[in-house]
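**Q** Sharing a structure here in C-alpha cells format.
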Amino acid sequence: MRIALVVPEFPPHTIGGGGVVFERLADGLSSRHDVQVFSACDPVRSWTAARAVDSAWSERYLVRRYPLVPIFGPKTAFRSVLPLNPVAAGALFLDLGKWRPDVAHLHGIGYAVVDLAARYLRIRKVPYVLSDHGVPTSVRSARAPVRAAYWLYTSSILRGTVRGARQVTAVSSAEGEELQRLCGVRPAIVPNGASVMPRDDGEVVRRLGLLPSSERRYKLVVAAGRLTESKGFDVLIEAMRELGEEIQCVIAGQGCQGAHEKALRAKAPANVAFVGELSRSELGSLLSLADVLAVPSRHEPFGLVALEAIASGTRVVASAVGGLPEFLCPPLARLVAPDDPEALAVAIADSTALGPFDSEERRLASELMARHSWGVICSRYEALLSEVVDDP
C-alpha cells in the first residue's frame with residue numbers, strides 16, 4: 001500500500017509525546033509499505049514558504065514539512081494547531097495529488113493540517129483512517145469568544161473530518177467516549193505503544209549532580225511534560241512540600257503558558273528542581289535513576305511517559321484520569337484522585353519505599369510492554385488501513 005501519514009508534528013520538532021508515536025508508526029508501516037509523512041512545521045513560520053523535504057529519514061521514507069502562519073508567540077498553547085500558510089496549503093494539496101496514496105492515516109483532533117488534508121482526501125475520494133490522540137479540554141475554561149469559535153469548528157470542520165473517515169480510532173476508552181460525545185462517532189480503541197527509552201552518556205545526570213540510587217541519601221521523583229495546568233504539576237509541588245528533603249523531585253518540560261510556568265517556579269520548595277525541555281535520551285537517563293515517575297495530570301488522553309517509565313523499570317504514581325487507569329495498576333503503579341496533594345504525597349512516599357521491581361513485578365512489566373509493543377500496535381493500524389482500502 002501507498003500510505004500517507006498526516007501528522008501535526010514529527011521529530012525532532014515535537015511538543016509532546018505525539019511525535020515519538022508518529023515516528024514509530026512510520027518506521028513500522030514503512031517496513032512493509034510505501035510511506036510518506038506530511039507534517040506541519042512549527043519551527044518555521046512564514047506566509048510564503050511552501051515546504052521543506054527532510055532528508056534525515058530518506059532511507060526509510062520521505063518526510064515533508066509545511067510551515068505554519070507566523071502568528072502568536074513560540075510558547076503559546078495554540079502553536080501546534082495553527083493553519084498552514086496559503087502557499088504551504090497549496091503545496092500540501094499538490095504533493096498529495098502527485099503521490100496519489102492508496103490510503104491515508106491522519107493523526108490528531110483540532111489540528112488545521114489534519115483537517116486540510118482530510119478535505120482534500122474526501123474530494124479525491126482517497127479513504128483515510130483518523131486517530132484521536134486527545135480532544136482539547138482547555139477550551140471549556142476559556143473565554144466566551146474562544147468557546148464560541150471552538151463550537152463553530154467542532155460543528156462544521158471537525159465533524160466533516162471525523163465523519164469522512166472510513167475508520168476512527170482513539171488511544172483510550174476514555175478518549176473514545178469524549179470523541180463520541182463531541183462528534184457522535186464511536187471509535188475503535190488502539191492504544192499507544194512504548195519501548196525502553198534511549199539513554200545519553202550521562203551528561204544530564206552529571207549536570208544535575210545526581211547519583212545512582214545506591215549512592216544517594218534521598219529518593220528521586222521525576223515528572224515530565226508540558227508545564228500547563230492540565231499536567232497538574234502544581235499539585236505535585238504541593239505534595240512535595242509535605243514530603244521534605246528526603247525525597248527530591250525533578251520536573252522536566254517546557255511551558256507554553258507563560259504565567260502558569262512562572263507561578264510553578266515561584267512556589268516550588270527547595271526539594272523541587274526544574275530542568276527545562278530534555279531530549280529523549282536525556283529523559284531516558286533521568287528515568288533510569290528515578291525511584292518513581294509522578295503523573296499528577298488533570299487530563300491525560302493516554303499517558304505515554306508512564307508506560308515508558310514502566311518499560312525502564314520505574315514505578316509510577318499517577319492520577320486516575322483519562323487513559324492512565326486503562327494500563328496502570330498495582331503493584332507497578334499507584335493511582336490517586338486528581339487535585340489531591342495529600343493522597344499524592346502518601347502514594348509517592350509509599351512507592352519510593354518499595355525499591356526496584358522484584359522478579360514478579362518485572363514479569364508483569366514485561367507482559368504489559370508486550371501488549372503495547374510497537375509491532376503489535378503497527379499491526380493493528382495496518383489491518384485497519386488494509387480494511388478501508390479493500391472496502392469500496
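**Q** Considering only residues of region 220-273 that are acidic (Asp, Glu) and touching a Pro at 6+ places or on another chain (Cβ under 8 Å), which is nearest to residue 80 (Cα to Cα)?
**A** 238
**Q** Suppose we keep only residues that are part of a helix (DSSP H, G or I) and not hydrophobic (A, V, I, L, M, F, W, C) within region 18-54. Which one would you say is nearest to the chain's Cα centre (by Cα)?
**A** Checked region 18-54; the qualifying residue nearest to the chain's Cα centre (by Cα) is 18.
**Q** Looking at region 89-111, which of its residues are aliphatic (A, V, I, L, M) and touching a Lys or Arg at 6+ places or on another chain (Cβ under 6 Å)?
**A** The first filter runs over region 89-111 and keeps only residues aliphatic (A, V, I, L, M), leaving 89, 91-92, 94, 96, 103-104, 106, 109.
Residue satisfying the conditions is 91 alone.
**Q** Also: Return the residue satisfying two criteria in turn: it lies in region 16-42 and is in contact (Cβ under 8 Å) with a residue 40 or more places away in the chain and of a type in the set (Val, Ile, Thr), and of such residues it is surrounded by the most Cβ atoms within 10 Å (Cβ to Cβ).
**A** Top of the filtered list is 21.
**Q** Any residue at all in region 199-221 that is under 22 Å from the mean Cα position of the chain (by Cα) and free of Cβ contacts under 8 Å to residues at least 60 places away in the same chain?
**A** There is no residue in region 199-221 that is under 22 Å from the mean Cα position of the chain (by Cα) and free of Cβ contacts under 8 Å to residues at least 60 places away in the same chain.
**Q** Restricting the search to region 191-209, which residues are crowded, with 21+ Cβ neighbours inside 10 Å and either in contact with a Phe, Trp or Tyr (Cβ under 6 Å, 6 or more places away or on another chain) or not small (Gly, Ala, Ser) (or both)?
**A** 191, 192, 193, 204
**Q** Looking at this structure, is residue 349 in the same structural domain as residue 230 (by TED's automatic domain parsing), part of a helix (DSSP H, G or I) and of a type in the set (Gly, Ala, Ser)?
**A** Numbers: in the same structural domain as residue 230 (by TED's automatic domain parsing): yes; part of a helix (DSSP H, G or I): yes; of a type in the set (Gly, Ala, Ser): yes.
Yes.
**Q** Considering only residues that are farther than 27 Å from residue 278 by Cα, polar (S, T, N, Q) and at pLDDT 95 or above, look in region 164-181 and name the one that is surrounded by the fewest Cβ atoms within 10 Å (Cβ to Cβ).
**A** 173
**Q** Something else now. Provide a single number: the residues in region 182-227 that are of a type in the set (D, E, K, R) and at pLDDT 90 or above. Lay out the reasoning, then the answer.
**A** So the first thing to find is which residues in region 182-227 are of a type in the set (D, E, K, R), and the list is 186, 199-201, 203, 206-207, 215-217, 219, 226.
Of the ones still in play, those that are also at pLDDT 90 or above are 186, 219.
Number of matching residues: 2.
**Q** Looking at residue 364, is it assigned to a helix (DSSP H, G or I) and closer than 20 Å to residue 170 by Cβ?
**A** Judged against the criteria, residue 364 is not a match.
**Q** When you look at residue 65, is it in contact with a Cys (Cβ under 7 Å, 6 or more places away or on another chain), charged (D, E, K, R) and more than 17 Å from residue 381 (Cβ to Cβ), yes or no?
**A** Yes; evaluated as a whole, the condition is true for this residue.
**Q** When the residues of region 63-73 are narrowed to those that are of a type in the set (A, V, I, L, M) and surrounded by fewer than 17 Cβ atoms within 10 Å (Cβ to Cβ), which ends up nearest to residue 111 (Cα to Cα)?
**A** Initial filter on region 63-73 (of a type in the set (A, V, I, L, M)): 63, 68-69, 71.
Subsequent filtering for residues that are surrounded by fewer than 17 Cβ atoms within 10 Å (Cβ to Cβ) retains 69, 71.
Numbers: 69: 13, 71: 15 Å.
Of everything passing the filter in region 63-73, 69 is nearest to residue 111 (Cα to Cα).
**Q** Tell me whether region 252-262 contains one or more residues that are within 20 Å of residue 342 (Cβ to Cβ) and surrounded by fewer than 15 Cβ atoms within 10 Å (Cβ to Cβ).
**A** no
**Q** Another question about this same structure. Tell me yes or no: at least one residue of region 280-294 is free of Cβ contacts under 8 Å to residues at least 40 places away in the same chain and surrounded by 20 or more Cβ atoms within 10 Å (Cβ to Cβ).
**A** Checked region 280-294: no residue is free of Cβ contacts under 8 Å to residues at least 40 places away in the same chain and surrounded by 20 or more Cβ atoms within 10 Å (Cβ to Cβ).
**Q** Quick check: anything in region 317-325 more than 26 Å from residue 188 (Cα to Cα), among the aliphatic types (A, V, I, L, M), within 20 Å of the chain's Cα centre (by Cα) and modelled with pLDDT of 95 or more?
**A** yes
**Q** Please state which one of 326, 367, 342, 300 is among the charged types (D, E, K, R), on the phi < 0 side of the Ramachandran plot and buried (at least 24 other Cβ atoms within 10 Å of the Cβ).
**A** Details: 326 fails: buried (at least 24 other Cβ atoms within 10 Å of the Cβ); 367 fails: buried (at least 24 other Cβ atoms within 10 Å of the Cβ); 342 fails: buried (at least 24 other Cβ atoms within 10 Å of the Cβ).
Of 326, 367, 342, 300, the one residue that is among the charged types (D, E, K, R), on the phi < 0 side of the Ramachandran plot and buried (at least 24 other Cβ atoms within 10 Å of the Cβ) is 300.
The values are calculated or read from the model by the stated rules, or taken from the named source; none is laboratory data. All of these numbers come straight from a predicted model, not from anything done at the bench. When we count neighbours, we look across all protein chains shown, and the Cβ atoms used for this are built from the backbone with ideal geometry, even at glycine.
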